[in-house]
Amino acid sequence: MIRTLPRAWSRLLAVLAAVLVTVPIAPAGAVADPTSPTVTWSVQPANQQGPDGRRWIEVTLDPGQSVTEHVAVRNFSDAPVVFSLKAADGYLTDKGRFNMLPSNEKSVDGGTWIKVQEKVTVGAKQTKVVPFTITVPQDATPGDHPAGIAATVTSTGGTVAVESRVGFRVMMRASGTITAAVAIGDLTATYRPSWNPFSAGTIQLSYTATNDGNAAVTGNGRTTVAELFGLLERDAPAEVEELLPGGSRDVDARVTGVWGLGLLRTTVDVTPDILVGDPTDADIRQTSGTVTVWALPWSQLALAVILALLVLAVRIIARRRRQRLAQLLARARDEGRAESREAEFDASRAGQSG
């Protein structure tokens, strides 16, 4: 990662970066010479006197304009070291970390704007400040042109060589109209119901965010899910991590508390935030993406069916009980009438015989 951290951690992390971060410039499987002494160092933005506390360098220049900046190389080792100083185009890794092109790849943009001396010798436990110039080409397009500058050491072992480097970001902006825009593409939504009938489900979203402007940005906004034709709505934050001009990244998000009542309309609204410079005069374009899916609350429907069946069963049982009770009452009445008629008949016969 090409970045200078706060001073409290700079020395420790610089040691780790120099030891662990290596860029192979020979066939795969190459390793550094195990007999070489350990070299550790740090690289920071600086002024003429030394490190000035900046994490990276930001400059805004007109086409054709030049400026001189400085890099401080600190050698923590017990012996003098000859460092190679290199600049290259900057990019973001798949994990969103800033890096610069390796030495075996040719820079075509911001990396070509930086001129620095090829080598510097730094004594043991010493720091050396080296000036470098940034010159914006006359035909430079407006916007951000990221690059990195690093101090490198190459170690050899037999027929292989390994280049280790430590450096920081240089964000260069060519003046002109600044446009900030994040396009939302390949938006898909999937409804994940909850199997607990008393809990709502979740909308799972995935999309590709692309920087369609000319400035480095992040994105912030809202993701909204509307159901029952907008009568019910749920939302969640929409966040896009840093994007360099022309760069893209895959974004996953979710919105909870969605019942899945038929047609679900999901909208992602993103507003870009400019990372470098004053955004006052920038053309900031809000972007939206919409996708619609059908969903049914299966667990709630299953519960409703079970409840309906229970109600139906209770009604059938109650009706049968009423029918049986009515039959018993009718039989009792019939038996009562029959007994009454028999009693009357017996009484009549007894009267006649008397």
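Bear in mind that the values in this text are calculations on the coordinates, not laboratory data. If you're wondering where the values come from, they're calculated on a predicted model, not measured in any experiment. Ideal geometry is used to build each Cβ from the backbone, glycine not excepted, and the neighbour counts take in all protein chains shown.
If I stretch the segment between GLU239 and ARG322 completely, what's the gain in nm (0.36 nm per residue apart, minus their alpha carbon distance), one decimal?
Extra length from GLU239 to ARG322 when fully extended: 23.5 nm.
What is the order of VAL258, VAL251, VAL314, fewest Cβ neighbours within 10 Å to most?
VAL314, VAL251, VAL258
Modelled label-to-label distance, THR256 and ASP94, 7 Å Cα→beta-carbon offset: nm?
Result for the modelled spin labels: 2.9 nm.
Roughly speaking, what is the centre-to-centre gap between segment 173-201 and segment 111-171 when only Cα atoms are used, to the nearest Å?
37 Å
Going by how many other beta carbons lie within 10 Å of each one, how would you line up PHE198, PHE83, fewest first?
Neighbour counts put them in this order, fewest first: PHE198, PHE83.
Could you pull out every one of the lysines with an alpha carbon less than 26 Å from that of LYS106, ignoring same-chain neighbours closer than 8 positions?
LYS86, LYS95, LYS115, LYS119
Provide the per-residue ³J(HN,Hα) series for segment 276-290, in order, calculated from phi with Karplus coefficients 6.51, -1.76, 1.60 and θ = phi - 60°, each as a whole number of Hz, with x at glycine and proline positions.
Going residue by residue, I get 10, x, 8, x, 4, 9, 7, 8, 9, 10, 6, 10, 10, x, 9 Hz, with x marking Gly and Pro.
Rank by packing, highest mean first: peptides 112-124, 218-230, with packing defined as the count of other Cβ atoms within 10 Å averaged across residues.
Packing proxy ranking, top to bottom: 218-230, 112-124.
Taking the Cβ of each residue in TYR207, TYR91 as the centre, tally the other Cβ atoms inside 10 Å and list the residues starting with the fewest.
In increasing order of surrounding Cβ atoms, one gets TYR91, TYR207.
Relative contact order, percent, of segment 184-296 when contacts are C-alpha pairs under 8 Å separated by at least 6 residues?
Across segment 184-296, relative contact order equals 31 percent.
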